[in-house]
Amino acid sequence: MSAGLLLQYAVVALAAAASVLVVLHKRFPNTTRRLRVALALPLLRAGRPGWMRALGRWLAPAPTTTGKDCGGCDSCG
Amino acid sequence: MNAASELARVALVGNPNCGKTALFNLLTGSRQKVANYAGVTVERKEGRLRTPGGRPVAVLDLPGAYSLNAASLDEAVTRDLIRGFYPGEPAPDLLVCVVDATNLRLHLRFVLEVRGLGRPMVVALNMMDAARRRGIEIDVDTLARELGVPVVETVAVRRDGARDLLAQLDAIGDAAQQPRQALPGTGDPGVEPGAALHAETRRLLALAVAMPRRTAAVDDALDRWLLHPVFGLLALALVMFLVFQAVYAWATPLMDAIEAATGWLGATVGATLPAGPLRGLLVDGVIAGLGGVVVFLPQILILFAFILALEESGYLPRAAFLLDRGMAAAGLSGRSFIPLLSSFACAVPGIMSTRSIQDPRDRLATILVAPLMTCSARLPVYALLIGAFIPQRAVGWFNLQGLVLFSLYVAAILSALAVAWVMKRWRRDRGEHPLLLELPSYRLPHLRDVAIGLWERALIFLKRVGGIILALTILLWVLLNVPAGVGIEDTLAGRIGRALAVLFEPLGFDWRISIALIPTMAAREVMVSSLATVYAVAAANDDAASDVLRGMIAQDWSVATGIALLAWFIYAPQCISTLATIRRETHSWKQTAFATGYLFGLAYLVAFVAYRIALAMGLG
């Protein structure tokens with residue numbers, strides 16, 4: 001396989017991955033949020049290396065403002 | 001606010017129909033940002049301006065409210081925001097309370113309520129030109145003195161109509177905080193706050209306003225016809241009918257231009273890039289798919305231009321009044337009209353706005369039938385199918401394609417009424433609830449406000465095209481090309497489509513339509529881009545000449561299939577956001593499952609019957 005063709009496949013794969021993220025984010029926001037929390041929590045445990053904690057912070061969703069002052073888990077309807 | 005160079009935050013508040021948004025458009029022009037308030041689907045509009053004195057001002061156009069005792073979600077947002085209690089929104093530095101100068105009897109009550117909060121405020125007497133034409137004399141100085149706040153005249157539809165208001169904005173922070181003013185009589189035993197408010201309004205009117213008659217002569221003359229139980233309904237049907245005719249009669253040249261541009265772009269990209277998956281994705285996926293959806297933008301904008309013009313003219317509340325009797329007979333109340341009307345744009349805000357319906361029975365009935373209203377996302381699908389299967393010819397004075405589109409909208413409305421009626425019979429409920437509605441004065445729609453509204457609609461549509469529709473088009477293209485080197489029917493998408501086709505075969509849907517129905521659950525317009533992608537990939541694989549989608553499906557499908565798919569889209573709840581909103585608003589999986597089940601059931605049944613009848617008529 002030529003380098004040009006390999007590059008094309010890489011771009012298509014990236015576009016497909018980005019599309020999956022867009023669909024999850026736009027149509028399943030609560031599921032995406034729970035998924036991000038589930039992925040981030042193990043990385044943020046005490047004793048993890050710095051790079052892992054940084055990755056966990058990056059993965060963790062930002063707190064939302066729901067007006068209920070409860071941390072904004074978005075799961076109370 | 002101390003420094004003149006510091007950004008001041010100003011909020012426009014007032015009753016619905018006071019010309020608040022027109023004033024907002026005049027002040028901020030195109031420097032607007034439209035979003036939602038955090039956590040709710042209530043539109044948040046913020047714009048920027050610089051006063052003649054050079055002060056930068058952020059202007060917030062708050063949802064219209066009749067009272068600070070909120071009866072709806074919109075009113076609750078306004079109440080909380082002007083009191084500084086809304087999360088994430090700082091309290092405004094100045095409240096501009098906009099009132100309709102021709103309807104002070106109603107609007108002054110809200111001014112008095114807002115004044116009671118004790119926040120800095122200015123009263124903008126809007127539509128002063130209309131008030132003068134009707135011979136209404138307002139003593140502005142007396143009103144300002146009695147209210148204890150500055151009062152300025154504005155004419156939102158005139159270029160320099162906000163000059164006095166801008167001068168007031170320059171003076172933000174110069175005046176001391178407005179003292180909280182209690183109404184005379186409040187606190188007295190036996191005097192209700194509402195009665196005190198009403199008495200004070202009457203006192204102010206007697207002191208500062210001379211009104212020759214309570215309503216405009218032209219309004220009375222028009223209402224005699226437009227609110228007539230027979231002629232009014234005929235006029236409403238005629239207006240809606242003409243709107244759908246215009247959608248088809250006017251959009252064709254622009255649609256042809258977009259189609260030609262899409263074709264040129266596809267050919268250019270195809271000729272520029274080397275053969276390979278990236279060229280296939282761009283040409284057959286992105287350009288063919290998105291081009292197939294964008295082509296319907298002119299039709300959507302023409303439809304919304306009419307809806308915005310009708311809204312501005314003051315006709316829509318009259319339509320609600322006219323339809324109230326029929327809606328009550330079907331088990332809905334007049335209060336259902338606005339949520340159902342909102343659902344013509346999108347069912348999600350329509351369902352959210354049912355919060356203004358206090359009766360739980362009426363609210364649930366409205367929520368369950370709202371997805372039947374023809375949302376704007378269905379329009380590209382209808383336009384595609386009508387363009388492919390209905391000939392472009394005149395029937396008498398009318399365009400046949402426009403007639404079919406009109407009948408699809410009517411079919412959806414009648415279906416919603418029928419479903420509500422069945423639900424009412426099921427509950428054995430014979431109760432009715434009265435409708436209380438403000439009928440604003442008629443006015444000519446202002447071109448700038450319609451243009452700004454259309455610009456917002458176009459941006460919303462294009463953002464959907466560039467977001468969820470683009471993402472799903474890419475994913476479908478990938479599924480249509482994996483594994484590589486096999487025929488399209490043996491790809492992942494082909495196999496899924498063929499499995500689903502067993503279920504949809506009785507409706508005349510082949511595997512291509514069946515596969516396109518899956519991503520359409522995310523957004524209905526995706527049906528068009530999905531079909532465009534499926535056919536573009538198939539055409540590329542077969543080395544066949546590329547054609548516009550309408551031509552391809554007209555050649556490939558029978559008329560009966562086209563009719564069955566149209567019938568399917570009237571009913572099918574192909575929108576996951578709508579179903580999620582029903583769950584959130586009803587707090588019930590049972591009601592959500594019921595809505596999903598009855599809508600899919602109706603869609604299947606009606607599409608099946610339509611297909612069989614069309615076959616029997618020889619349209620197979």
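Which residues, taken from region B:253-277, are of a type outside the set (Gly, Ala, Ser) and without any contact (Cβ under 8 Å) to a residue 12 or more places away in the chain? Step through it out loud before you land on a result.
Filtering region B:253-277 for residues of a type outside the set (Gly, Ala, Ser) gives B:253-256, B:258-259, B:262, B:264-265, B:268-269, B:272-274, B:277.
Correct list: B:PRO253, B:ASP256, B:TRP264, B:THR268, B:THR272, B:LEU273, B:PRO274.
If you go through region B:393-414 and keep only what is touching a residue at least 40 places away in the same chain (Cβ under 8 Å) and either polar (S, T, N, Q) or closer than 21 Å to B:ILE576 by Cα (or both), you end up with B:ASN399, B:GLN401, B:ALA412. Does B:TRP477 meet the test of being within 14 Å of chain A (Cβ to nearest Cβ) and not aliphatic (A, V, I, L, M)? For B:TRP477, the condition - within 14 Å of chain A (Cβ to nearest Cβ) and not aliphatic (A, V, I, L, M) - is met. Residue pairs whose Cβ atoms lie under 9 Å apart, separated by 6 or more positions or on different chains, with the first residue in region B:577-606 and within 11 Å of chain A (Cβ to nearest Cβ) and within 21 Å of B:ARG524 (Cα to Cα) and the second among the charged types (D, E, K, R) and buried (at least 16 other Cβ atoms within 10 Å of the Cβ), are B:SER577/A:LYS26; B:SER577/A:ARG27; B:ALA580/A:ARG27.
Table: residues versus (1) in a helix (DSSP H, G or I); (2) among the aliphatic types (A, V, I, L, M).
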{"site": "B:PHE509", "(1), (2)": "no, no"}
{"site": "B:LEU531", "(1), (2)": "yes, yes"}
{"site": "B:ALA560", "(1), (2)": "yes, yes"}
{"site": "B:ILE563", "(1), (2)": "yes, yes"}
{"site": "B:THR592", "(1), (2)": "yes, no"}
{"site": "B:THR596", "(1), (2)": "yes, no"}
{"site": "B:LEU605", "(1), (2)": "yes, yes"}
{"site": "B:PHE608", "(1), (2)": "yes, no"}
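Residues of region B:204-251 that are among the hydroxyl-bearing types (Ser, Thr, Tyr) and open to solvent by 50 Å² or more (accessible area, probe 1.4 Å): B:THR215 alone.
Output yes when any residue across region B:95-106 is in contact with a Pro (Cβ under 6 Å, 6 or more places away or on another chain) and part of a helix (DSSP H, G or I), and no when none is. No: region B:95-106 contains no residue that is in contact with a Pro (Cβ under 6 Å, 6 or more places away or on another chain) and part of a helix (DSSP H, G or I). Quick check: is even one residue across region B:362-373 farther than 27 Å from B:GLY326 by Cα, open to solvent by 20 Å² or more (accessible area, probe 1.4 Å) and at pLDDT 85 or above? No, region B:362-373 contains no residue that is farther than 27 Å from B:GLY326 by Cα, open to solvent by 20 Å² or more (accessible area, probe 1.4 Å) and at pLDDT 85 or above.
Note on region B:51-65: residues that are among the hydrophobic types (A, V, I, L, M, F, W, C) and either open to solvent by 10 Å² or more (accessible area, probe 1.4 Å) or not in a strand (DSSP E or B) (or both) amount to 2. For region B:477-493, the candidate set comprises residues that are open to solvent by 40 Å² or more (accessible area, probe 1.4 Å) and modelled with pLDDT of 85 or more; within that set, the residue that is farthest from B:LEU278 (Cα to Cα) is B:ASP490. Check B:GLU75 against each of (1) more than 14 Å from chain A (Cβ to nearest Cβ); (2) part of a loop (DSSP other than H, G, I, E, B); (3) open to solvent by 10 Å² or more (accessible area, probe 1.4 Å) and name the one condition it does not meet. All conditions are met except number (2). Conditions: (1) within 11 Å of another protein chain (Cβ to nearest Cβ); (2) in contact with a strand residue (DSSP E or B) (Cβ under 9 Å, 6 or more places away or on another chain). B:PRO440 meets all but one. Number of the miss? Unmet condition: (1). Taking the criterion of being over 28 Å from B:VAL609 (Cβ atoms), within 14 Å of chain A (Cβ to nearest Cβ) and without any contact (Cβ under 8 Å) to a residue 60 or more places away in the chain, would at least one residue in region B:533-548 satisfy it? Scanning region B:533-548 turns up no residue that is over 28 Å from B:VAL609 (Cβ atoms), within 14 Å of chain A (Cβ to nearest Cβ) and without any contact (Cβ under 8 Å) to a residue 60 or more places away in the chain.
Of all residues in region B:509-532, count the ones that are within 14 Å of another protein chain (Cβ to nearest Cβ) and either free of Cβ contacts under 8 Å to residues at least 12 places away in the same chain or over 21 Å from the mean Cα position of the chain (by Cα) (or both). Please lay out each step first, then the result.
Residues of region B:509-532 within 14 Å of another protein chain (Cβ to nearest Cβ): B:518-526, B:529-530.
Right, trim to either free of Cβ contacts under 8 Å to residues at least 12 places away in the same chain or over 21 Å from the mean Cα position of the chain (by Cα) (or both) and you get B:518-519, B:529-530.
Matching residues across region B:509-532 total 4.
Table: residues versus (1) surrounded by 15 or more Cβ atoms within 10 Å (Cβ to Cβ); (2) in contact with a Cys (Cβ under 9 Å, 6 or more places away or on another chain).
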position	(1), (2)
B:GLN401	yes, no
B:VAL419	yes, no
B:ARG425	no, no
B:PRO440	yes, yes
B:HIS446	yes, no
B:LEU475	yes, no
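Filtering region B:78-94 to residues that are open to solvent by 30 Å² or more (accessible area, probe 1.4 Å) and part of a helix (DSSP H, G or I) leaves B:ARG79, B:ASP80.
Considering only region B:289-297, I want to know if a residue exists there that is more than 29 Å from B:LEU340 (Cβ to Cβ) and either within 14 Å of chain A (Cβ to nearest Cβ) or among the hydroxyl-bearing types (Ser, Thr, Tyr) (or both). There is at least one residue in region B:289-297 that is more than 29 Å from B:LEU340 (Cβ to Cβ) and either within 14 Å of chain A (Cβ to nearest Cβ) or among the hydroxyl-bearing types (Ser, Thr, Tyr) (or both). Just one of (1) surrounded by 23 or more Cβ atoms within 10 Å (Cβ to Cβ); (2) modelled with pLDDT under 90 fails for B:HIS107. It is (2).
Restricting attention to region B:558-576, the residues being open to solvent by 30 Å² or more (accessible area, probe 1.4 Å) and either within 14 Å of another protein chain (Cβ to nearest Cβ) or at pLDDT below 90 (or both) number 1. I want to confirm something. Restricting to region A:1-52 and keeping residues that are hydroxyl-bearing (Ser, Thr, Tyr) and open to solvent by 50 Å² or more (accessible area, probe 1.4 Å), which single residue is nearest to the other protein chains (Cβ to nearest Cβ)? The qualifying residue nearest to the other protein chains (Cβ to nearest Cβ) is A:TYR9.
In this structure, B:LEU282 does satisfy being within 14 Å of another protein chain (Cβ to nearest Cβ), open to solvent by 50 Å² or more (accessible area, probe 1.4 Å) and touching a helix residue (DSSP H, G or I) at 6+ places or on another chain (Cβ under 6 Å).
The values are calculated or read from the model by the stated rules, or taken from the named source; none is laboratory data. Just so we're clear, the structure is a prediction, and the values are computed from it rather than from any experiment. Virtual Cβ from ideal backbone geometry, glycine too; neighbours counted across all protein chains shown. Heavy atoms of the whole protein, side chains included, go into the accessibility calculation; ligands, DNA and RNA do not. Shrake-Rupley method; radii C 1.70, N 1.55, O 1.52, S 1.80 Å.
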